[in-house]
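Have a look at the structure below before the remarks.
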Amino acid sequence: MELEARLDPKCIQSDVDVIAAYAQDRAVFEGAGSAAVLVMPRSTAEVVAAVEAAKSAGVPIVPRGAGTGLTGAANATDGCVLLSLHRMNQILEIDAINRMCRVQPGVINSDLKGAVAKHGLFYPPDPASFEMSSVGGNVATNAGGLCCVKYGVTRDYVIGLEVVLASGVVIRTGRQTLKSTTGLDLTGLFVGSEGVLGVITEITLKLVPSPPPPATAVAYFDQLPHAGETIIEVFKQGHEPSMMEILDRASLRQVDAVYNMGLDVDAACLLLIQTSGDQAVASIEAIANICRTAGATYVAHVDDPEEGEMLVEVRRRVWPAFEHLGKAMLPEDVAVPRQHLPELMAGIVAIGERHELELPTIGHAGDGNMHPLLIFNGEDKNEVERVRTAFAEIVKLALSLGGTIAAEHGVGTLKRAFVSEEIGPAELGTMEVIRAALDPDRRFNPGKKL
């Protein structure tokens, strides 16, 4: 391959053990191939050089962010150039006047949040992995997070991109102005594309003013339908929570067992809700009353930010609490219309019982996005097979309720087989035409997304 002639040797790594450390994301079931080489560029020019060398050699390219993905989208394929963008980690510009910023793809989400906060600005997308996931990876998967219910997902904040195509050509999409209708929306095409259309090397993002401290409420319910009624009524009455999370009984019990937080471990579920803005306190009080009317067994609300953050910590500790079990964990990612959440959660419970599996569920109740967490012994072949079956049944349950198979984690290889169950042949055919136009040899991240 021509890499050595085109790139600084410091960008190239051929050590087998080092390559293996970069070859796989956090997807439990998705195996990784053996990459031929690891390239760690520091600039767009070096990405171009790597792409052109791979093109000349006729080998695939697999882009990689921070490796926090959960679907195998960043996993190496045999013989590929594994392109890790973690060294491209500079915040290039923060434009406080126009409330925008330009960043390289390797910038960590939480670092960006901290940098723009110094200018009184806020970057809302907040996946659970925000302290270690990269903005480029967030864009590639159209990541969401806890505050999506009010602020939206990553797509809503991407207003421009720099992308290296399979030909080695560099294009700039989007705009530097607050609005523009010139041309087609190429920016939206690349957001969520998981590296199959091009390598994103620069991102222009919209920012918003830093919100005032939120008000927070928690409500326990002894029946899932009562929680569902609350969720529906909150939106019917015109409230706009900035966070609305749900934890089921199994999650509450595990968090309390590990962290001793004094939780009601007999409740069917816990709703955790935040509001922000000038009317935050009045809104949280109204939402608390909705919870009581719908049958909550306990409701409390606070307007002190530190107390509120302590309540939110219950949600953030679910994953580490289950890690204490020392078992394999496979998180699901499905979404349904809000009114079908009780049916989805009840169905998930039934699936877990039918297959004799540990299947706690947490999720973003405000936008209908649930994360059932399959916990199992990865060495037990029978249990692994039951997990695979349960995983597929949850996907089909979500589809039967008018939902989606992939809300915010992406598709990767993990859910590729289910894509045609949600998207029709005409739509998939159109996507393939677009992909072929940009990457006719299908060398970018083959076997992923579509």
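No lab work stands behind these numbers, since they all come straight from the coordinates. From a predicted model like this one, the values you see are computed outputs, not experimental measurements. Neighbour counts are summed over all protein chains in view; Cβ atoms, including those assigned to glycine, are modelled from backbone coordinates with ideal geometry.
For the reader, a short list of remarks on this structure follows.
- DSSP-loop trypsin sites (Lys or Arg not before Pro) across the stretch 89-168, with at most 15 other Cβ within 10 angstrom: 118
- Cut-off under 5 Å, modelled amide H: who pairs with residue 358 long-range: 375
- Remark: the stretch 49-58, residue by residue, has Karplus-estimated 3J(HN,Hα) of 4, 5, 5, 5, 5, 5, 4, 4, 7, x Hz, where x stands for each Gly or Pro and the curve is 6.51 cos²θ - 1.76 cosθ + 1.60 at θ = phi - 60°.
- Trypsin sites (Lys or Arg not before Pro) restricted to DSSP loop in the stretch 49-95 with at most 10 other C-beta within 10 Å: none
- Dipole moment magnitude, nearest 20 debye, the stretch 3-84 about Cα centre, only Lys, Arg, Asp, Glu C-beta charged: 180
- Cβ-based exposure ranking for 126, 304, in which fewest neighbours within 10 Å come first: 304, 126
- If the chain linking residue 2 and residue 118 were pulled fully straight, counting 0.36 nm for each residue of separation and taking away their Cα-Cα distance, it would gain 37.4 nm.
- Fraction of beta bridges assigned by DSSP in the chain that are antiparallel (%, nearest 5): 90
- 0 to 90° range, to nearest 10: angle between helix 341-354 axis and the chain longest Cα axis: 80
- Relative contact order computed over the chain (Cα-Cα under 8 Å; 6+ residues apart), in percent: 16
- The stretch between residue 169 and residue 17 holds 51.5 nm of extra length on full extension. This uses 0.36 nm per residue minus the Cα-Cα distance.
- For the stretch 78-85, Karplus couplings with θ = phi - 60° (6.51, -1.76, 1.60), whole Hz, Gly/Pro x: 4, x, 7, 8, 8, 9, 8, 9
- Antiparallel content of DSSP bridges confined to the stretch 1-140, in %, to 5: 50
- In the chain, the calculated helix contribution to ellipticity at 222 nm averages -10500 deg cm²/dmol per residue, counting -39,500 (n - 2.57) for every DSSP H run with n ≥ 4.
- Summarising the amide proton neighbourhood of residue 121: residues at separation of 5 or more, or on other chains, whose placed amide H is nearer than 5 Å comprise 210.
- Taking a sphere under 14 Å around the Cβ of residue 154 and counting the other residues whose Cβ falls inside, with K and R at +1 and D and E at -1, yields a net charge of -2.
- Amide H partners (placed H, <5 Å) of residue 159, local residues excluded: 204, 205, 206
- Helix 280-294 vs. the chain, principal-axis angle (Cα, 0 to 90°, nearest 10): 60
- Applied to the stretch 257-264, the Karplus parametrisation 6.51 cos²θ - 1.76 cosθ + 1.60 on θ = phi - 60° returns per-residue 3J(HN,Hα) values of 5, 8, 10, 6, 9, x, 7, 7 Hz, with x for Gly and Pro.
- Ranked list, fewest to most other Cβ atoms within 10 Å of each Cβ, for 185, 156: 185, 156
- Between residue 91 and residue 426, the modelled labels are 4.6 nm apart [label points 7 Å from Cα along Cα→Cβ].
- Principal-axis tilt of helix 224-236 within the chain, Cα atoms, nearest 10 degrees: 70
- The stretch 91-209, relative contact order [Cα under 8 Å, separation at least 6], %: 32
- Loop-located GluC sites (Glu not before Pro) in the stretch 336-384 (DSSP state other than H, G, I, E, B) with a sparse environment of at most 15 neighbouring Cβ atoms within 10 Å: 356, 379.
- Count of lysine pairs in the chain with Cα separation under 25 Å (8 or more residues apart, or interchain): 21
- Net length available on complete extension from residue 316 to residue 10 is 106.4 nm, with 0.36 nm assigned per residue and the Cα-Cα distance removed.
- Modelled label positions at residue 293 and residue 396, each set 7 Å beyond Cα in the direction of Cβ, lie 4.0 nm from each other.
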